[in-house]
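Below is one structure, written out as structure tokens, with a few remarks after it.
The values are calculated or read from the model by the stated rules, or taken from the named source; none is laboratory data. This one's a predicted model, so the numbers in the text were calculated from it and none came from an experiment. Here the Cβ positions follow ideal geometry from the backbone for every residue, glycine too, while neighbour counts run over all protein chains shown. For the accessible areas, the whole protein counts, side chains as well, though only heavy atoms, and no ligand, DNA or RNA atoms are used. Shrake-Rupley method; radii C 1.70, N 1.55, O 1.52, S 1.80 Å.
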Amino acid sequence: RRSSDLGSVSYPSITSVATGHKHLVCVIKGSLYGMGVNMSHQLGGGAMPSQLNTLRELALTATSMGLSAPIIKVACGRKHTMALTANGEVYTTGDNTFNQLGHSNRRGDWAAVRVGTNNVVQIAAGGDSCFALTGEGHVFSWGRGESLALGHPITRIEALHPTTLLPIFLNIDTPTRIEGFVTRRVKIIEISVGTEHAVARDDKDVFTFGQNSFGKLGTGDVQDQLTPFRVPFPEKKTVERLMQVMAAGRTTLVLKHNPDFGTITYIFGKEGGSQDGTLVPRIIGDAPLSIARLCGGGYGASIYSAITAEGHLITWGHSSTMASMLRTNEAPAMSPSPVTHINDKVVVRDAAFAGGHLSVVVADVEETVARMPKDTLKRDIVVPYDKRIALTHLVQKQVDIHDEVLATFYRQLLGEVDGASYVAAMEKPPPYDPNALKPKIVKQGTKALHQGSRVRVWMTDVYALGTVTNANPLDIKSPHLGEASANPQRSPKNQALGSFNSTQLEEQTLETADSSHKIRNNHFEVTWLRDDWDPEIIELYSDDETLDEENANRWQKLWFLGAPEDNCI
């Protein structure tokens with residue numbers, strides 16, 4: 001088929017996309033769409049369900065909220081969402097535990113936030129905080145003071161709580177201007193926020209503030225900075241033009257353009273899965289010199305991505321679940337590498353990643369049609385496998401719903417004649433096999449579990465669904481030598497059978513290390529499907545996946561079992 005057929009069709013344009021901990025929001029033609037978890041109303045309140053499994057238009061519209069301008073930008077925190085309109089107004093919704101919404105709704109619906117003179121040009125969200133950049137170059141922030149990433153020195157008090165003896169932090173409940181930039185007469189033109197730090201820039205300098213674990217502020221040490229710090233960069237013979245800054249999880253990335261070479265990528269802070277940090281800006285030597293912009297970033301990011309001038313997606317970083325899924329059969333790259341199975345099909349415009357739960361890649365359809373050979377222009381039509389065959393009531397024959405949907409789509413897209421001929425020339429899908437839905441349970445030991453494995457664990461009276469995010473949280477390196485160490489873990493809010501805090505884990509590990517021939521690492525860090533449960537480290541008692549009712553902590557290496565009556569998994 002001629003590629004011009006696709007070029008003549010008008011496609012919805014995604015102009016902004018962002019991801020939170022377990023939710024996605026994007027802007028399509030000035031309207032807001034979202035999907036994912038909505039337990040904290042991060043997608044909106046009212047009649048909105050607690051979870052959306054498909055992309056759906058959200059309630060922030062001119063009709064429902066009286067918006068005077070279309071939405072142009074979105075940003076997502078851990079459990080809250082920001083939206084920016086073309087006339088500089090900011091709206092927020094979601095969790096308001098730390099006053100991060102900037103209005104009185106504790107866990108309500110969308111509401112407007114007054115930011116200075118409402119001349120906002122950019123928004124950004126931390127885990128439990130919000131940032132807004134105005135046209136005058138002023139930065140406003142509000143939300144959780146404990147993150148130390150709001151840029152205000154008053155967020156930490158030189159006192160301890162009388163009961164817990166922990167440091168006291170002040171939350172900022174309304175948008176407050178960061179005076180550190182004003183006193184320096186710095187006009188900020190870009191802001192980006194990570195898990196617990198922020199990075200901003202003017203036309204020539206980079207500024208950071210917040211917690212400084214792993215040296216992500218570029219100060220040369222790990223001392224926290226409550227107010228903006230100007231980051232020094234290595235001297236160069238040729239002046240480099242500052243292009244972009246990005247805070248990604250506990251890492252900072254900076255793009256500079258060198259007229260002699262091209263784009264130079266700098267990094268400092270935590271690099272991928274390493275437990276060491278880079279305290280000062282380091283050049284990533286194997287990063288492509290054709291990088292046009294960084295993408296992704298934000299709260300909880302553990303992989304980093306960039307888009308080249310050719311529209312190719314480059315990723316690298318921690319070997320997380322999402323990194324593995326994004327790169328399919330390729331090994332997650334610890335240095336910048338192209339995602340070939342995406343780059344071979346489309347020209348990439350944007351990408352976003354939700355710390356280990358969701359990856360979103362936005363294609364530039366017009367550029368894809370213009371650049372790609374016609375035989376690579378493919379469209380995937382996704383139909384649930386168990387819905388592909390239906391028995392019609394009019395005629396006693398089986399109809400493949402997959403083929404029907406495919407034919408209908410292309411007839412609408414290309415017209416009756418061209419659409420039918422295009423579908424007829426397509427490669428047919430494999431025939432439907434009802435036996436494929438029957439559960440195949442093969443016992444596998446805990447050694448078969450890896451990062452990304454989905455398990456369900458018996459928790460007193462119910463099975464809890466979760467994903468293994470660390471298959472060796474105790475970092476047991478050599479059982480034969482009895483070497484073991486425990487990474488510090490925060491005690492979770494919810495306690496499952498067989499869960500441990502860091503002290504118990506360390507004692508368990510050292511005790512087991514005394515008999516090296518019996519050591520078996522059955523501890524796994526699991527992130528639960530439920531949005532209100534914290535990740536935790538649990539011990540799976542059995543070495544075999546089991547359904548044994550007598551097992552105190554039985555587990556299964558899959559989320560759902562087949563049910564013969566409705567033939568689903």
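The rows are residues; the columns are (1) open to solvent by 10 Å² or more (accessible area, probe 1.4 Å); (2) in contact (Cβ under 8 Å) with a residue 40 or more places away in the chain; (3) assigned to a strand (DSSP E or B).
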site	(1), (2), (3)
Met35	yes, no, yes
Leu55	yes, no, yes
Arg78	yes, yes, no
Met82	no, yes, yes
Leu101	no, no, no
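Within region 156-177, is even one residue at positive phi and modelled with pLDDT of 85 or more?
Step one: list which residues in region 156-177 are at positive phi, which gives 165.
Of the ones still in play, those that are also modelled with pLDDT of 85 or more are none.
Among the residues of region 156-177, not one is at positive phi and modelled with pLDDT of 85 or more, which makes the answer no.
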Next item on the list: Of the numbered conditions (1) outside any loop (DSSP other than H, G, I, E, B); (2) more than 16 Å from Gly137 (Cα to Cα), Ser192 fails exactly one; give the number of that condition.
Entry: (2)
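Condition first: surrounded by fewer than 15 Cβ atoms within 10 Å (Cβ to Cβ) and in contact with a strand residue (DSSP E or B) (Cβ under 7 Å, 6 or more places away or on another chain). Now tell me which residues in region 190-226 satisfy that.
Asp203, Lys204, Gly220, Asp221 - these are the residues of region 190-226 that are surrounded by fewer than 15 Cβ atoms within 10 Å (Cβ to Cβ) and in contact with a strand residue (DSSP E or B) (Cβ under 7 Å, 6 or more places away or on another chain).
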Check: Of the residues that sit in region 353-378 and are open to solvent by 50 Å² or more (accessible area, probe 1.4 Å), assigned to a loop (DSSP other than H, G, I, E, B) and not charged (D, E, K, R), which one is modelled with the lowest pLDDT?
Finding: His357
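Does Lys236 satisfy the condition of being at negative phi and not in a strand (DSSP E or B)? Reasoning before the result, please.
Working: at negative phi: yes; not in a strand (DSSP E or B): yes.
Against the criterion (at negative phi and not in a strand (DSSP E or B)), Lys236 qualifies.
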Margin query: Scan region 137-154 and tell me whether some residue there is open to solvent by 20 Å² or more (accessible area, probe 1.4 Å), out of contact with any strand residue (DSSP E or B) (no Cβ under 7 Å at 6 or more places or on another chain) and within 27 Å of Gly277 (Cβ to Cβ).
Written below: no
Next item on the list: Please determine, by comparing only the residues of region 254-266 that are in contact (Cβ under 8 Å) with a residue 24 or more places away in the chain and out of contact with any Phe, Trp or Tyr (no Cβ under 6 Å at 6 or more places or on another chain), which one is surrounded by the fewest Cβ atoms within 10 Å (Cβ to Cβ).
Entry: Phe261
Notebook entry, point to check: Would region 86-99 turn up any residue that is open to solvent by 20 Å² or more (accessible area, probe 1.4 Å), more than 18 Å from Asn171 (Cβ to Cβ) and β-branched (Val, Ile, Thr)?
Noted result: no
Margin query: Out of the residues in region 452-466 meeting the condition of being β-branched (Val, Ile, Thr) and open to solvent by 60 Å² or more (accessible area, probe 1.4 Å), tell me which one is farthest from the chain's Cα centre (by Cα).
Written below: Thr460
Item checked: Within region 292-338, tally of residues that are modelled with pLDDT of 85 or more and in a loop (DSSP other than H, G, I, E, B) -> 5
Checklist line | Arg282 vs. criteria over 30 Å from Asn105 (Cβ atoms), open to solvent by 30 Å² or more (accessible area, probe 1.4 Å) and in a strand (DSSP E or B) | finding: yes
